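Undergrad: For reference, the structure I am asking about is given below.
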Amino acid sequence: MAETVKCKKCGAELAMDVLRKHKKICPCCGYYFRMTARERIDMIADRKSFKELDKDLSSYDVIRFPDYEKKLEKAMDETGEKEAVITGTATIGGYPCTLFVMDSAFMMGSMGTVVGEKITRIFEYATENRLPVIGFTCSGGARMQEGVLSLMQMAKISGAVRWHSNAGLLYITVLTDPTTGGVTASFAMEGDIIAAEPGALIGFAGQRVIEQTIGQKLPEGFQKAEFQLEHGFCDMLMGRMEMPKTLANLLALHRQIPEKERRNA
Amino acid sequence: MSAYDKVTLARSSSRAMGSFYIGQIIDDFVEFHGDRRFADDGAICGGVGLLNGEPVTCITMKRGDTLEERMARNFGCPSPEGYRKALRLMKQAEKFHRPVICFIGSPGAYCGIGAEERGQGQAIAENLWEMFGIRVPIVTVVIGEGGSGGALALSVCDSMIMFDNAVYSVISPEGCASILWKDSSKAPEAAEVLRLTAEDLYGMDIADVILHEGYRTEEEIAVELKEMLTKEIGKLKRLSTPRLLASRYEKFRKIGN
């Protein structure tokens, strides 16, 4: 029997292969299922254009934190990935770019030193090769199991984003479900253009923590992508159906004019 | 002393924090208020004064002394306006070519509906991004609790001085214990595994200098802190601006590479 999943929103039983064909959007109610990093890359990069970088970087138990090794092994087994982010180069609509794509299936997309290092490296690569960066965020935030080293990745990546920006290069972030904590409070919110997937949870503090702090239930729609748009923290909602086309258009609009032509202009 | 003893000390209500040291070290200090966008956040206080006769911008997290003041200052948990005020004062320092000193001591960024509506994450992110481009020396002094992203937003620096009873952590030991063992009373165990002490941060090349408090009065400690600040700022002032910014990036670039 074919693998099926139940839609979290409308409860419809969906065949996995049908769902995949629909870019993991529920055909009944339009609910966005989470995508793995590989599914995301397949969806937005031109066919066979993606070339992965630093694919063998994997984490180890840097501060000897209880059960971290087991958690890492489990995450690797379940996802077949080495870490919670995949980076590389690709073309979208023929336009070259670099990509980082986070994967919530790997320890909730949490950011430790390897995630920090891979994202930093892709920004440095993009700066050297004068390429734009498109980043898909989804993360519970900094990874507790690597202590303060995880926290410092927020600063490290922000520095790399800044140097990329100083070089006059484009950085687009697409915030996907969920983008929270230290990722929101650093590179997710540092894009020249910030897009969000409809319905995605995007915020700094976790909802349970806020509810405990203020002693009341949060309003409907709090911290959703639509909420962020309304409060001025993202440029647009970007649906999956039009995502490759919209990204290609944004890349085209920011195409780097070669130095020589710019001087003559 | 255990890691959790240090957490307790760092949080202690009787511990002298940034405002005290500004009072001891900085002459003619004038406080500036407001982020020019929405409000004035009492959890962050900043202004300009003289360090050995030279102007410096000082920014500190502030929790207040009396219960009333603490409530007004949100127990030292900054709102987005606090981070935006801090950034405004850093840019002002840049304009007038004076170094910046940031004092850290906060349980973390405030978490509430208003803070989310006004972009707590964006405010912290913007500070991190902007601080890598501030063209004057930045020295951070960690005195109390370095509570996660909320503390990090004032911690991008050229040199970090850390008091030996201060701590800096990705998550509070209580929060960590409740995730790990579903029991926040196991915070002391969590404090050990989180590696949050000054020695830990020094060993990881995050803290550059440790200030050993010893059995001294806060006034005596302030004298040593002033010497350290003078020395660190003196060193940094000799660097050209491009060199300063490159080494600031390098300082963070090598963490966990």
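Undergrad: Reachable aspartates and glutamates from A:Lys23, Cα under 18 Å, same-chain residues fewer than 8 places away excluded?
TA: In chain and number order, the partners are A:Glu3, A:Glu13, A:Glu39, A:Asp42, A:Asp46, A:Asp103, A:Asp177, A:Glu197, A:Glu242.
Undergrad: Follow-up question, since we're still on this one. Which pairs break 20 Å Cα to Cα here: B:Lys231/B:Lys251; B:Lys95/B:Lys251; A:Lys8/A:Lys224; A:Lys217/B:Lys62? It would help to have the intermediate numbers written out before the result.
TA: Details: B:Lys231/B:Lys251 18 Å; B:Lys95/B:Lys251 24 Å; A:Lys8/A:Lys224 16 Å; A:Lys217/B:Lys62 29 Å.
In this structure, B:Lys95/B:Lys251; A:Lys217/B:Lys62 exceed 20 Å between Cα atoms.
Undergrad: Can I ask one more? Out of region A:81-178, which trypsin sites (Lys or Arg not before Pro) are coil in DSSP terms and have no more than 16 other C-beta atoms within 10 Å?
TA: Numbers: sites: A:Lys82, A:Lys118, A:Arg121, A:Arg130, A:Arg143, A:Lys156, A:Arg162; in loops: A:Lys82, A:Arg130, A:Arg143.
Listed in order of number, the matching sites are A:Arg130.
Undergrad: So which of B:Lys85/B:Lys186; A:Lys51/B:Lys85; A:Lys74/B:Lys186 end up more than 31 Å apart by C-alpha? Mind showing how you got there, number by number?
TA: Values: B:Lys85/B:Lys186 37 Å; A:Lys51/B:Lys85 43 Å; A:Lys74/B:Lys186 25 Å.
The pairs that break the limit, which is 31 Å between Cα atoms, are B:Lys85/B:Lys186; A:Lys51/B:Lys85.
Undergrad: Along the charge dipole of region A:35-255, Cβ charges K/R +1 and D/E -1, which of A:Asn166, A:Gly203, A:Ser49 sits furthest on the positive end?
TA: A:Asn166
Undergrad: Express the C-alpha Rg of chain B as a ratio against the empirical globular expectation 2.2 N^0.38 Å, rounded to two decimals. Mind dumping the intermediate values first?
TA: Working: Rg = 17.2 Å, N = 257, 2.2 N^0.38 = 18.1 Å.
In units of the globular-protein estimate, chain B measures up at 0.95.
Undergrad: Name the chymotrypsin sites (Phe, Trp or Tyr not before Pro) in region B:88-138 that are in a loop by DSSP and that have at most 14 other C-beta atoms within 10 Å, would you? List each step's numbers first, then the result.
TA: Working: sites: B:Phe96, B:Phe103, B:Tyr110, B:Trp129, B:Phe132; in loops: B:Phe96, B:Tyr110, B:Phe132.
Counting only loop positions with at most 14 other Cβ atoms within 10 Å, the chymotrypsin sites (Phe, Trp or Tyr not before Pro) in region B:88-138 are B:Phe96.
Undergrad: If you project the alpha carbons of the protein assembly as shown onto the principal axes, what extent comes out on each, in Å, largest first?
TA: Answer, in whole Å and largest first: 74, 65, 41 Å.
Undergrad: Can you give the average number of partner chain beta-carbon atoms within 10 Å of each beta-carbon in peptide B:109-116, as a whole number? Display every interim value, and only then the final one.
TA: Values: counts 3, 3, 11, 4, 9, 1, 5, 14.
If you average over the peptide's residues, the count of other-chain Cβ atoms is 6.
Undergrad: In region B:18-82, what chymotrypsin sites (Phe, Trp or Tyr not before Pro) fall in a loop by DSSP, with at most 15 other Cβ atoms inside 10 Å?
TA: Values: sites: B:Phe20, B:Tyr21, B:Phe29, B:Phe32, B:Phe38, B:Phe75; in loops: B:Phe38.
Here the sparse-neighbourhood loop sites are B:Phe38.
Undergrad: Calculate the mean, over all residues of peptide A:184-192, of how many other protein chain Cβ atoms lie within 10 angstrom of the residue's Cβ.
TA: Values: counts 8, 17, 10, 3, 3, 9, 6, 1, 0.
Shielding by partners across A:184-192 averages 6.
Undergrad: State the three equivalent ellipsoid semi-axes of region B:60-167, derived from the C-alpha gyration tensor as the square roots of 5 times its eigenvalues, in descending order and whole Å.
TA: 22, 17, 12
Undergrad: A follow-up question, please. Given charges of +1 on the Cβ of Lys and Arg and -1 on the Cβ of Asp and Glu, with all other atoms neutral, how large is the dipole of region A:35-255 about its Cα centre, in debye to the nearest 20? Walk me through the numbers on the way to the answer.
TA: Working: 23 positive and 29 negative charges, 61 e Å.
Rounded to the nearest 20 debye, it is 300 debye.
Undergrad: Related question: Helix hunt in chain A: which complete DSSP H runs extend at least 20 Å axially by C-alpha with mean Kyte-Doolittle at least 0.0?
TA: Helices passing the filter in chain A: A:147-166.
Undergrad: If you place +1 on the Cβ of every Lys and Arg, -1 on the Cβ of every Asp and Glu, and leave all else neutral, what size is the dipole of the protein assembly as shown about its Cα centre, to the nearest 20 Debye?
TA: On the way: 65 positive and 70 negative charges, 326 e Å.
For the protein assembly as shown, the charge dipole is close to 1560 debye.
Undergrad: Would you kindly state the longest site-free stretch of chain B, with sites defined as trypsin sites (Lys or Arg not before Pro) in a DSSP loop (not H, G, I, E, B) surrounded by at most 16 other Cβ atoms within 10 Å?
TA: Details: sites that count: B:Arg36, B:Arg37, B:Arg135, B:Lys182, B:Arg216, B:Arg238, B:Lys254.
Result, exposed sites excluded: B:38-134.
Undergrad: Beyond 21 Å, what share of the Cα-Cα pairs of region B:104-253 remains, rounded to the nearest whole percent? Numbers along the way, then the final one.
TA: Working: 5777 of 11175 pairs.
Of the Cα pairs, 52 percent sit more than 21 Å apart.
Undergrad: Can you give me the convex hull volume of the Cα atoms of region A:35-255, divided per residue and expressed in Å³?
TA: Details: hull volume 27.2 nm³, N = 221.
Cα convex hull per residue, to the nearest whole number: 123 Å³.
Undergrad: Ok, one more. Explain nothing, just the number: dipole magnitude of chain B about its Cα centre with +1 on each Lys and Arg Cβ and -1 on each Asp and Glu Cβ, in debye rounded to the nearest 20. List each step's numbers first, then the result.
TA: On the way: 31 positive and 36 negative charges, 193 e Å.
The calculated dipole for chain B is roughly 920 debye.
Undergrad: I want the antiparallel fraction of DSSP beta bridges within the protein assembly as shown, as a percent rounded to 5.
TA: Values: 29 of 67 bridges.
Among the beta bridges of the protein assembly as shown, antiparallel pairing accounts for roughly 45 percent.
Read-outs throughout are calculated quantities, based only on the coordinates presented, and are distinct from any laboratory measurement. Quick caveat: nothing in here was measured; it's all calculated off a predicted structure. A quick note on method: Cβ atoms are made from the backbone with ideal geometry, for glycine too, and the neighbour counts reach across all protein chains shown.
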